[in-house]
Amino acid sequence: MGVSTSEPDQGIAVVTADFPPVNALPVQGWYDLAAAVRAAGRDPAVRCVVLTAEGRGFNAGVDIKEMQRDTASGGHGALIGANRGCAEAFSAVYECEVPVVAAVHGFCLGGGIGLVGNADAIVASDDATFGLPELDRGALGAATHLARLVPQHLMRALYYTSRTATAAELHAHGSVWKVVPRAALHEAARDLAREIAQKDGFLLRLAKAALNGIDPVDVRRSYRFEQGFTFEANLSGVADRVRDTFGAPGGTPTKGA
């Protein structure tokens, strides 16, 4: 349980998140994930990082229950921690010195979109779904990263409705490299990582820096701008009101496409 790193192939580091039951990460989990990705990218022997997860789905976002416990006692430490932790993890993926391949299965929601939206390539299982149920959870954010996966108007419709998109739909938009059966996911992601890792390590690092340098959107600044509205929603009280319905009978469900 937690975040672990392995090196199954020469030049490849696999960073795995395992936070049962649904990979909803606590505050410390986001920082641990960021640290593992940054450490892997700094290793001169590593030429590609594969980001993956154990369990039922790739990532279910932040640990809402941790936030609810904190706000029930009158604090906002978990909210501030989650916002900063997510920003750090998303930035770690984007700024990783070598390419990052995300291997996605099951659900990829909320903070999961921030991770894969900042990855260099995505390989997904055929049961994978992607979405931002933020409006159903009293939060905002990661539209910056969803906009890297789907066209602008589709991003807005998905964001406003909390609907999800399938791996096949994202593949049609060109943001998912390959869709495979779930049993073949890890091997498919490592196949792509192996192909990348055959390139010269120094040139790969230059290529990553060059591609980030010509990116039309500053993803760190854009995401932090979004998070300002999350704080406004919390200060107004509307976030607590919506968040308290999460997981409760009759609460607002996260809709599928």
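The values are calculated or read from the model by the stated rules, or taken from the named source; none is laboratory data. Everything quoted here is computed from the prediction, not taken from an experiment. With ideal geometry, Cβ positions are generated from the backbone for all residues, glycine too; neighbour counts draw on all protein chains shown. Heads up: the accessible areas ignore ligands, DNA and RNA and are worked out on the full protein's heavy atoms, side chains in. Shrake-Rupley method; radii C 1.70, N 1.55, O 1.52, S 1.80 Å.
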Please count how many residues of segment 207-243 are of a type in the set (Ser, Thr, Tyr), surrounded by 17 or more Cβ atoms within 10 Å (Cβ to Cβ) and over 26 Å from residue 96 (Cα atoms).
1
Would you mention how many residues in segment 218-241 are of a type in the set (A, V, I, L, M) and closer than 14 Å to residue 86 by Cβ?
1
Quick check on residue 97: is it farther than 21 Å from residue 22 by Cα and not in a helix (DSSP H, G or I)?
yes
State which residue pairs qualify: first residue at pLDDT 95 or above and of a type in the set (Asp, Glu) and inside segment 158-172, second residue open to solvent by less than 50 Å² (accessible area, probe 1.4 Å) and not in a helix (DSSP H, G or I) in any location, beta carbons under 9 Å apart, and separation of 6 or more residues or different chains.
169/130; 169/150; 169/176
Could you grab me the full set of residues in segment 180-204 that are open to solvent by 50 Å² or more (accessible area, probe 1.4 Å) and either among the hydrophobic types (A, V, I, L, M, F, W, C) or more than 19 Å from the chain's Cα centre (by Cα) (or both)?
181, 183, 187, 191, 194, 195, 198, 199, 200, 202, 203
Picking from 97, 66, which residue would you name as being more than 19 Å from residue 232 (Cβ to Cβ) and modelled with pLDDT of 95 or more?
97
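Checking the condition in contact with a strand residue (DSSP E or B) (Cβ under 7 Å, 6 or more places away or on another chain) and buried (at least 24 other Cβ atoms within 10 Å of the Cβ), which residue from 14, 50, 3 passes?
Step by step, each of 14, 50, 3 is checked, and only 50 is in contact with a strand residue (DSSP E or B) (Cβ under 7 Å, 6 or more places away or on another chain) and buried (at least 24 other Cβ atoms within 10 Å of the Cβ).
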